[in-house]
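The values are calculated or read from the model by the stated rules, or taken from the named source; none is laboratory data. Everything numeric here is computed off the predicted structure, so don't read it as measured data. A quick note on method: Cβ atoms are made from the backbone with ideal geometry, for glycine too, and the neighbour counts reach across all protein chains shown. We work out accessible area using only protein heavy atoms, side chains counted, and drop any ligands, DNA or RNA first. Shrake-Rupley method; radii C 1.70, N 1.55, O 1.52, S 1.80 Å.
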Amino acid sequence: MEPIRVEVDGREPVIEELYGPLLTNFGHFTAMQVRGGRVRGLSLHLERLAGATRELFGEDLDTGRVHGFLAHAVRGVPDASVRVNVYGPSRVMVFVRPPAEPPAAPLRLRSVPYVRPAAHLKHVGGFGQAYFGRRAEAEGFDDALLTDAGGAVCEAAIANVGFFDGTDVTWPSSPHLPGIAMQLLAPRLPSRTARVALADVGGFRSVFVANSIGVAPVAGIDDVTFGVDAELMRLVADAEASVPWDAL
């Protein structure tokens, strides 16, 4: 998908400024959907960027400045997919692309033995996720489901995954990225965090994934199938709809 706009520190980049990020591939990012010039969970996105900058670069990030870069990048583009990459406190790149929508059909996930390095960070360089995601697609699935060495579910390749037993949503506790969508949904749903063994997923009533694009039901994991749970999806949709939109 071709970007509508790319800016570095609030302005159009020159080609030399792109060499470092492309060659070193060391940084982090956050991704969001903008609708009507607004975004859900803006403070969480900025907190994510600030925390990862401290961890990776040992310096503070001026989140007010980043907010300004965001607002500038989406000018005249009320609806968009936006990604903010940080390669250091003084190098912030904003990518603006056309808006995206959740998958139209339930997803089938293929389990793979892979844990992202520094899984708690949304870092650049997602080769493992892309590799296993493509492998899953080649086998007729829609995405990969990452699992740890002990056979427990971590997350989908680019989304968090929730397991519903008819009462509570269980979010896997194995190494994962605490996605913004998950952070917004979990307090608004009957939620708990626990280890979810891949061998036990068939004991759940239904499953869904959530990321910045939205939520989608899961129709199957490997050879285990799930029906689309209308009650759960209404519950999740209501929780998502209750999240306020923040102006950029």
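Residues in the range 42-64 that are within 16 Å of Val94 (Cα to Cα), touching a residue at least 60 places away in the same chain (Cβ under 8 Å) and hydrophobic (A, V, I, L, M, F, W, C): Leu42 only. Pairing residues of the range 115-131 that are free of Cβ contacts under 8 Å to residues at least 24 places away in the same chain and over 14 Å from Glu155 (Cα atoms) with residues that are assigned to a loop (DSSP other than H, G, I, E, B) and small (Gly, Ala, Ser), at Cβ distances under 6 Å and at least 6 apart in sequence or on separate chains, gives no pairs at all.
If only residues of the range 201-222 that are among the small types (Gly, Ala, Ser) and crowded, with 21+ Cβ neighbours inside 10 Å are counted, the one that is nearest to Leu49 (Cα to Cα) is Ser212.
Has the range 58-72 got any residue that is open to solvent by 10 Å² or more (accessible area, probe 1.4 Å), in a helix (DSSP H, G or I) and touching a Gly at 6+ places or on another chain (Cβ under 6 Å)?
yes
For the range 162-200, the candidate set comprises residues that are touching an Asp or Glu at 6+ places or on another chain (Cβ under 6 Å) and closer than 23 Å to Gly227 by Cα; within that set, the residue that is least open to solvent (accessible area, probe 1.4 Å) is Pro190.
Looking across the range 194-237 at every residue that is in a helix (DSSP H, G or I) and in contact (Cβ under 8 Å) with a residue 40 or more places away in the chain, the one that is nearest to the chain's Cα centre (by Cα) is identified as Val236.
Select from the range 137-149 the residues that are surrounded by 19 or more Cβ atoms within 10 Å (Cβ to Cβ) and within 21 Å of Trp171 (Cβ to Cβ) and list them in ascending order.
Asp142, Asp143, Ala144, Leu145, Leu146, Thr147
Checking each residue in the range 96-128 for being surrounded by 14 or more Cβ atoms within 10 Å (Cβ to Cβ) and farther than 30 Å from Ala71 by Cα picks out Pro106, Leu107, Arg108, Leu109, Arg110, Ser111, Val112, Tyr114, Val115, Arg116, Gly128. For Thr30, the stated conditions hold: it is in contact with a helix residue (DSSP H, G or I) (Cβ under 9 Å, 6 or more places away or on another chain), open to solvent by less than 70 Å² (accessible area, probe 1.4 Å) and either assigned to a helix (DSSP H, G or I) or closer than 24 Å to Ala100 by Cβ (or both).
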